[in-house]
Amino acid sequence: MIDLDKINLALFDLDGTLIPFPRDFLFEQTFEVFRELNIEPVSRNEMMAHFAKFDFFGMIDAEIRDTFMEKYWSRFQWNSYPQFMPIDGVLESLALLKRRGVKLAIVTSRAESREEVAENISNTGLLSYIDHIETRSSVPEGGSSDANWSDKTPQIREACQLFSVAPSEAIMAGDVPPDISSGKRENISKTIALLSGGIRSEILKEADPDYLLSSLADLSQVVS
Ligand SMILES: [Mg+2]
């Protein structure tokens with residue numbers, strides 16, 4: 001169990017963790033890239049399979065993968081990002097943490113400003129609980145590979161520093177393996193992997209999270 005008396009900061013991924021992952025939107029963006037590059041698109045089923053393995057761009061032939069990904073991210077329409085309501089039970093779990101005096105922050109890979117992310121989730125009710133949002137401000141250094149893009153160590157470090165909280169007094173929850181591995185790399189005390197983003201449990205387990213839950217709604221099962 002996670003003893004909340006010893007936890008001062010909870011870090012959350014956003015998409016797939018607090019709100020549903022916008023899979024259809026990302027698939028649409030992907031089909032656009034196929035069209036623009038004049039490549040025969042893969043089937044939606046194949047896209048789904050690669051998505052669930054957290055190997056999305058693995059569906060693209062290796063010879064053109066870099067070109068494809070560069071195109072994908074350079075034309076990505078952040079301002080069309082869909083708006084969602086929170087995943088069922090998420091607000092209740094955030095409320096539980098707040099009652100125990102835990103600060104709450106979003107650490108997201110979205111390459112927008114925190115004001116843009118706040119605007120995008122302004123109708124969700126999340127902002128009454130969230131104390132801070134840490135985003136990725138641009139395409140990551142070292143290129144836009146999946147690994148670079150999903151790494152959250154900079155955002156985790158920033159958030160801990162902002163609240164003057166040691167990683168050992170923080171927890172991190174997310175729906176993709178890099179949420180977990182980034183937390184572990186930064187010595188976050190407990191990591192929680194969630195199935196709510198659509199990634200298969202075997203894939204999430206490879207990142208060795210302390211807990212694996214169906215969604216954040218189940219947080220009360222692992223805290224005391
Ligand atoms: Mg996510």
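The values are calculated or read from the model by the stated rules, or taken from the named source; none is laboratory data. Treat the numbers as computed from the prediction; the structure is a model and nothing was measured. Cβ: placed from backbone, ideal geometry, glycine included. Neighbour counts: every protein chain shown. For the accessible areas, the whole protein counts, side chains as well, though only heavy atoms, and no ligand, DNA or RNA atoms are used. Shrake-Rupley method; radii C 1.70, N 1.55, O 1.52, S 1.80 Å.
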In region 66-80, anything in a helix (DSSP H, G or I) and either within 16 Å of Leu9 (Cβ to Cβ) or open to solvent by less than 30 Å² (accessible area, probe 1.4 Å) (or both) is listed as Phe68, Met69, Tyr72
Just one listed residue, out of Phe25, Phe34, is open to solvent by less than 10 Å² (accessible area, probe 1.4 Å) and in a helix (DSSP H, G or I), and it is Phe34
Kindly evaluate Phe12 against the criterion of being outside the structural domain of Pro209 (by TED's automatic domain parsing) and within 16 Å of the ligand (Cβ to nearest atom). no
For region 81-106, the count of residues that are over 18 Å from the mean Cα position of the chain (by Cα) and in a helix (DSSP H, G or I) equals 6
Residue pairs within 7 Å by beta carbon, gap of at least six or interchain, first lying in region 107-120 and part of a helix (DSSP H, G or I) and open to solvent by 20 Å² or more (accessible area, probe 1.4 Å), second modelled with pLDDT of 95 or more and hydrophobic (A, V, I, L, M, F, W, C), listed first then second, are Arg114/Ile133; Ala118/Leu127; Ala118/Ile133
Taking region 149-160 and keeping residues under 14 Å from Asp131 (Cβ atoms) and either open to solvent by 40 Å² or more (accessible area, probe 1.4 Å) or among the aliphatic types (A, V, I, L, M) (or both) leaves Glu158, Ala159
Of those in region 191-204 that are over 14 Å from Asp13 (Cα atoms) and open to solvent by 40 Å² or more (accessible area, probe 1.4 Å), the residue nearest to the chain's Cα centre (by Cα) is Arg200
Val42 vs (1) among the aliphatic types (A, V, I, L, M); (2) assigned to a loop (DSSP other than H, G, I, E, B); (3) touching a Ser or Thr at 6+ places or on another chain (Cβ under 8 Å): all pass except (3)
For region 97-136, the count of residues that are within 16 Å of the ligand (Cβ to nearest atom), of a type in the set (Ser, Thr, Tyr) and more than 17 Å from Ile87 (Cα to Cα) equals 2
Looking across region 28-85 at residues that are touching a Gly at 6+ places or on another chain (Cβ under 7 Å) and touching a residue at least 12 places away in the same chain (Cβ under 8 Å), the single one that is farthest from Leu195 (Cα to Cα) is Phe51
Val102 fails exactly one of (1) open to solvent by 50 Å² or more (accessible area, probe 1.4 Å); (2) in contact (Cβ under 8 Å) with a residue 24 or more places away in the chain, namely (1)
Practice prompt. Assess whether Gly143 counts as being of a type in the set (Gly, Ala, Ser), at pLDDT 95 or above and touching an Asp or Glu at 6+ places or on another chain (Cβ under 9 Å).
Written response: no
